[in-house]
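Report on one structure; see the data block that follows.
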Amino acid sequence: MLPTPIRPTVRILPRRSPRPLADAPAIAVIGVGSDGQFPPSVTLDQQAALTAALRQSGTPLPLKAGQVVALPAALLPQTAATLIVGTDSGCSPAQARTLGGALAVALRGLGDGGADLDLPLGPEAAVECLSALRLRLWQAPTYATKADPLPPTVTTLHWRTGSPAALTALWQAAEAVCEGVELARDLQTLPANILTVPAFLDRARALSALGVEVEILGPKDLHAAGMGLHLAVGQASVTPPALAVLRWRGGPAGVAPTLLVGKGLCFDTGGVCLKPAGGMEEMKGDMGGAAAVIGTLHALARQRAPVSVTGLLALAENAIGDNAYRPGDILPSHSGLSVEVIDTDAEGRLVLADALSWGCATEKPSAVVDLATLTGSIIVALGHDHAGLFSRHDSTGDALAAALTDSATRTGDALWRMPLSDRWDEALKSDAADLRHCAPAARLIPDALHAARFLSRFVPDSIPFAHLDIAGPSEIRRPLPWAPAGATGFGVRLLVDWLTR
Amino acid sequence: MKIRFAKSGLPATGTVIVGVLADRTLTAAAKSLDDAGNGALSRALEAAKFDGKAEQTLTVLAPAGTTLSRLVVVGLGDAAKADVAAWERIGGAAYAAAVATQDDEVLFALDGIDGAAVTTAEAAARIGFGALLRSYRFDKYRSEATEKKDDKPKVTTFTVASDIGKDAKEAFAPLDAVAEGVFLTRNLQSEPANILGPEEFAKECQKLEKLGVKVTVLGEKEMKKLGMHALLGVGQGSVRESQTVIMEWTGGTKGEAPVAFVGKGVCFDTGGICLKPAGGMEDMKWDMGGAGVVTGLMHALASRKAKANVVGLIGLVENMPSGNAQRPGDVVVSMSGQTIEVINTDAEGRLVLADVLTYAQREHKPKAIIDLATLTGAIIVALGGEHAGMFTNSDDLADKLFKKGQATGEKVWRMPLGDAYDKLIKSDIADMKNVGDGRNGGSITAAQFLKRYIENDTPWAHLDIAGTTWTNKDLPVVPKGATAFGVRLLNDLVAEHYEG
């Protein structure tokens, strides 16, 4: 039913390999420096022909960095098309990603053979460029029975480099991350009748083939563990809630793992506090945090990364029904704190609170990061270009925030730190329970700040903790260099970078 | 209310405030009263579970063994950790507890505090400052018919008694000037829009001339000549004439480039043709909060004779719907020459600021610009009332403002700027439109709009004070209502970084 996605294979080969390559790539991609310098694989005659063709097409050399010009076919032997790319020495990771994205757009539909790429990029920039190229070509799974065939697009990328061994190693690690991002995007995109809680659990179990230890806590286990918040959110659905525990133990024995927690609402109707119909279909993506966590574990396992990480997928469907939890309900939690429910549509923080508390108690982690498509408020605050980063304002919290922000800058999964304050305890005060999970609906309340403070109450002060509200960048309307519009898999590249550095 | 400083010593009668340190450690004054009552005060503290936490208060009427009418005990917390802002909050909390007294004088017996992080003189001055700030009351429209006699505070003098009353008085003098500025700002923010329109506001500014401030007022005719059509478009629906006021204080070296403060002064904001819903619209009388802050700040700087060149510029308009009001879809040419498609007439503050920012740079060539505006509802959703949103092109300015915010308690939180947000204000028919992607990232797109009016990368910060200009509950040094948020922050910024 699903068409085969475009995931071109990358072959790394020495820069001076003769042209044309043995398996006859259909497209040549040639980088030209700002000094007009062609790579050595292009002969002087070919250079003259290409320079003339560029002039004729109204784009004479030198090209601007990142500019891509498509030229007619017959200029180089056995090619169907030639792409000339303006490149700059000292290309930053961000520029390399922009270049990769531009190449993806230019290559789409040019033919499904191979491409012969000769660009003067160092190994790190090459990997960023290739990753962005591949991730930009990702397409959402479709169930259309009469879908148009995908435009014929490259199946193999032959990348010329002066240091094939170094680049091969880097690319293998990057390819694992690309797979993780693609997995996360696929899951975000699947509709809620297909990706139910049990179907998500099957995806989790599949990671055991990569050496990940998978444990599933079903409703009975959740009940036995006292996870009343998580159970309540899922209780109206015919597919019961579950917690998937994914343990990758690549690090030295005896070292505490890092804990990742993902909000996995396979669908969020809002419950009794039903959402308006307009845009509700987007709520199939309300498991973007859990998707990022499973994608990260996939990448780490494929890399055989020398780190120990536990990922928790807090899965539930927030359905409406005759057994749904109600505003005013008072719920027990794993931590022992009682919680009064105000708005059943603020369910994400409930499942996360139990998962955070259970994870800290069970895994004794050295640090904990949760990811969640948590609030509309964070989109009002930061739009779709940054996720909100909340961590405690002390030395360990600041250090964690700084490390995550570094990884964000390197990978392009952008974070912006927001204040985490106990000032909001007053807004979360309940007359009937230890606390309530949100303030009553009103105009202009800082709900993202309230949610962050609520979550922090379920993580012991001794454990460095960061909460990423990814409601904005998890799903985008305008493409990024490495992501078409739609599901982004936000968080996978960020977390893998942070965990493996 | 007058703040006085005296030598240590307890009066025999009236209302007295004494401090108790953390862990219920009595100060000398508290101890002497406890002894006079044979330990009655200690028993009262124990009975009330009063442990000396900062700003905690307890009132004892007719305390045993004394002839006082009222004793207020205030928690001082850990004096070794208390900064100046902590002492201000203690002063404010103490005043709030003591104000119910029937006496017209209140005495805070501070004496000396061993091991305090600040000098006794500084602590005393800050207590007086905090009490004064908290004593503000906007009651000019409460007539005797409704104002209950007992509600009106009787306290006219607040005395802080310490070992070194004279030094405290000296330390207090510049703070008194700041408090005057704060009160002016709060008055302007509290005045209803039928009383304070653009021209009335401009007249208030002209009163600063007495302090040596040069005040220039531009009317609509002058602004038309200058091409300030972005500002004029906002005001054109109102019968009241728009104004721009320029206040120059030249306390620094002659000829040196000034620091510019720019304020949004929408004296009332109905939203215009994009009319706001009725609920809560009365709050829009304080949509001139930024202009109020700039005016109060200029007052404070001039009356304490700050050694700096500072120019304050405010754009004053009223945003009304009418047959001549600006419409969604209108295109205006700003003073900078850039064209703006007005999509939402309720995103008017940035239109006003754009022209005033351009004017400020063309006429005054400032070395730094800080603008203040009650600009977006989105900043309230983003940050609540704890921090103002700070947007800046200068890491240096960001650092200075953040630190001063922490020190004064008028806190700011930096928010992002970037090309991805700038793209959201692209217009199909003009250089830009005045809103972005609905409410999403709404404070950021507003800031991106303003950034387009900053020339030559002049260091610039924009403070979105929509969440911090008004408070619905009493805060230690701010009674419920207008806060004047920004006056103390920017006064201290000027004092530390632009004077000398």
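Remarks
- Here is the figure for segment A:105-125: residues that are part of a loop (DSSP other than H, G, I, E, B) and either under 22 Å from A:Asp23 (Cα atoms) or touching an Asp or Glu at 6+ places or on another chain (Cβ under 8 Å) (or both) total 7.
- Where strands (runs of 3 or more DSSP E) fall wholly inside segment B:338-447, the ranges with 1 or more residues that are within 12 Å of another protein chain (Cβ to nearest Cβ) and surrounded by 18 or more Cβ atoms within 10 Å (Cβ to Cβ) are B:388-392, B:412-414.
- Residues of segment A:270-282 that are under 23 Å from A:Ala184 (Cβ atoms) and touching a strand residue (DSSP E or B) at 6+ places or on another chain (Cβ under 9 Å): A:Met280, A:Glu282.
- When A:Gly264 is tested against (1) part of a strand (DSSP E or B); (2) at pLDDT below 95, just one condition goes unmet, and that condition is (2).
- If only residues of segment A:394-414 that are of a type in the set (S, T, N, Q) and touching a residue at least 60 places away in the same chain (Cβ under 8 Å) are counted, the one that is surrounded by the most Cβ atoms within 10 Å (Cβ to Cβ) is A:Thr411.
- All positions within segment A:204-242 that are assigned to a loop (DSSP other than H, G, I, E, B), over 30 Å from A:Arg302 (Cβ atoms) and either at pLDDT below 95 or not hydrophobic (A, V, I, L, M, F, W, C) (or both): A:Gly226, A:Gln235, A:Ser237, A:Pro240
- Residue in segment B:318-330 that is in a loop (DSSP other than H, G, I, E, B) and within 18 Å of B:Lys411 (Cα to Cα) present: no
- First in segment A:94-112 and surrounded by fewer than 21 Cβ atoms within 10 Å (Cβ to Cβ), second anywhere and assigned to a helix (DSSP H, G or I) and not charged (D, E, K, R), Cβ under 8 Å, 6 or more apart: A:Gln95/A:Ala125; A:Arg108/A:Leu137
- For segment A:316-345, filtered to residues that are touching a Phe, Trp or Tyr at 6+ places or on another chain (Cβ under 8 Å) and among the small types (Gly, Ala, Ser), the residue that is surrounded by the most Cβ atoms within 10 Å (Cβ to Cβ) is A:Ser333.
- From the list A:Ala73, A:Ala22, the one residue that fits, being modelled with pLDDT under 85, surrounded by 13 or more Cβ atoms within 10 Å (Cβ to Cβ) and either outside the structural domain of A:Arg134 (by TED's automatic domain parsing) or over 30 Å from A:Ala144 (Cα atoms) (or both), is A:Ala73.
- Residue match in segment A:274-293 (condition: in the same structural domain as A:Asp322 (by TED's automatic domain parsing), more than 27 Å from A:Ile320 (Cβ to Cβ) and either without any contact (Cβ under 8 Å) to a residue 24 or more places away in the chain or not hydrophobic (A, V, I, L, M, F, W, C) (or both)): no
- Exclusive hit being touching a Lys or Arg at 6+ places or on another chain (Cβ under 9 Å), over 27 Å from A:Ala206 (Cβ atoms) and not hydrophobic (A, V, I, L, M, F, W, C), set A:Gly271, A:Gly295: A:Gly271
Matching residues to (1) in the same structural domain as A:Gln95 (by TED's automatic domain parsing); (2) out of contact with any helix residue (DSSP H, G or I) (no Cβ under 7 Å at 6 or more places or on another chain); (3) surrounded by 23 or more Cβ atoms within 10 Å (Cβ to Cβ); (4) without any contact (Cβ under 8 Å) to a residue 40 or more places away in the chain:
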residue: A:Trp416; (1), (2), (3), (4): no, no, no, yes
residue: A:Ser421; (1), (2), (3), (4): no, no, no, yes
residue: A:Ala432; (1), (2), (3), (4): no, yes, no, no
residue: A:Arg443; (1), (2), (3), (4): no, yes, no, yes
residue: A:Ala448; (1), (2), (3), (4): no, no, yes, no
residue: A:Val459; (1), (2), (3), (4): no, no, yes, no
residue: A:Pro464; (1), (2), (3), (4): no, no, yes, no
residue: A:His467; (1), (2), (3), (4): no, no, yes, no
residue: A:Arg477; (1), (2), (3), (4): no, yes, no, no
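- Taking every residue in segment B:141-158 that is in a strand (DSSP E or B) and pairing it with any residue that is surrounded by 11 or more Cβ atoms within 10 Å (Cβ to Cβ) and among the polar types (S, T, N, Q), at least 6 positions away or on another chain, the pairs with Cβ-Cβ distances below 9 Å are B:Phe158/B:Ser135.
- Matching entry among B:Val213, B:Val234 (being among the β-branched types (Val, Ile, Thr), closer than 25 Å to B:Thr345 by Cβ and in contact with a helix residue (DSSP H, G or I) (Cβ under 6 Å, 6 or more places away or on another chain)): B:Val234
- Residue in segment B:267-275 that is surrounded by fewer than 22 Cβ atoms within 10 Å (Cβ to Cβ) and in contact with a strand residue (DSSP E or B) (Cβ under 9 Å, 6 or more places away or on another chain) present: yes
- Selected residue (only one of A:Glu179, A:Glu213 is touching a His at 6+ places or on another chain (Cβ under 9 Å), over 22 Å from A:Val339 (Cβ atoms) and of a type outside the set (A, V, I, L, M)): A:Glu179
- The set of residues in segment A:483-501 that are over 13 Å from A:Ala372 (Cβ atoms), outside any helix (DSSP H, G or I) and more than 14 Å from chain B (Cβ to nearest Cβ) comprises A:Pro484, A:Gly486, A:Ala487, A:Gly489, A:Arg501.
- Candidates A:Ala94, A:Ala140, A:Ala184, A:Ala102: the one that is in a loop (DSSP other than H, G, I, E, B), among the hydrophobic types (A, V, I, L, M, F, W, C) and within 19 Å of A:Ile476 (Cβ to Cβ) is A:Ala140.
- Unmet requirement for B:Pro479, which otherwise passes all of (1) on the phi < 0 side of the Ramachandran plot; (2) within 12 Å of another protein chain (Cβ to nearest Cβ); (3) buried (at least 19 other Cβ atoms within 10 Å of the Cβ): (2)
The values are calculated or read from the model by the stated rules, or taken from the named source; none is laboratory data. Not measured: the values here are computed from a predicted model. Because the Cβ atoms are built from the backbone with ideal geometry, glycine has one as well, and the counts that use them run over all protein chains shown.
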